[in-house]
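Accompanying notes for the structure given below.
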Amino acid sequence: MIKLIRSLFGSRTEVDFVALVKNGAVVIDVRTPEEFKQGHAKNSTNIPLNALPQKLAELKKKGKVVITVCRSGSRSGMAKSMLLRQGIEAYNGGPWNVFQQKITR
């Protein structure tokens, strides 16, 4: 059970999101378009969680690290797991607004 929770929400190891973004990581917001329109992290791309499977090949082809964000960290955790299963290096950035604060400090 703990392994499942860690795979969805990440481990306690702190990820350096600033460095990842500076090195070209792609930020994917997996919320609905309506949620995205209400606010989102700077330079993030909206790919709703239910549309992500159709975008996996395109994301893999880019060869970039992916950071997923959403409202609470739950959907982004699911997206991260989906990406990892496809061999894409991915990190759960958690809630988009908290992620935004981390990368603008």
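The values are calculated or read from the model by the stated rules, or taken from the named source; none is laboratory data. Computed from a prediction, not measured in an experiment: that's the story for all the values here. Note that we place each Cβ from the backbone using ideal geometry, even for glycine, and neighbour counts take in every protein chain shown. Each accessible area value is taken on the protein alone, full model and side chains, heavy atoms only, with ligands, DNA and RNA left out. Shrake-Rupley method; radii C 1.70, N 1.55, O 1.52, S 1.80 Å.
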Quick one: how many residues across the stretch 47-65 are among the aliphatic types (A, V, I, L, M), closer than 22 Å to Asn23 by Cα and either surrounded by fewer than 14 Cβ atoms within 10 Å (Cβ to Cβ) or modelled with pLDDT under 95 (or both)?
1
How many residues of the stretch 58-76 are touching a residue at least 12 places away in the same chain (Cβ under 8 Å) and over 19 Å from Ile103 (Cβ atoms)? The answer is 5
For the stretch 57-80 the number of residues that are part of a strand (DSSP E or B) and of a type outside the set (A, V, I, L, M) is 2
Note on Lys55: of the conditions (1) of a type in the set (D, E, K, R); (2) closer than 13 Å to Ala79 by Cβ; (3) touching a residue at least 24 places away in the same chain (Cβ under 8 Å), unmet is (3)
Residues of the stretch 81-105 satisfying the condition of being under 17 Å from Lys55 (Cβ atoms), open to solvent by less than 30 Å² (accessible area, probe 1.4 Å) and in a helix (DSSP H, G or I):
Ser81, Leu83
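In the stretch 11-46, which residues are free of Cβ contacts under 8 Å to residues at least 40 places away in the same chain, assigned to a helix (DSSP H, G or I) and open to solvent by less than 50 Å² (accessible area, probe 1.4 Å)?
Matches in the stretch 11-46: Ala19, Glu35, Phe36.
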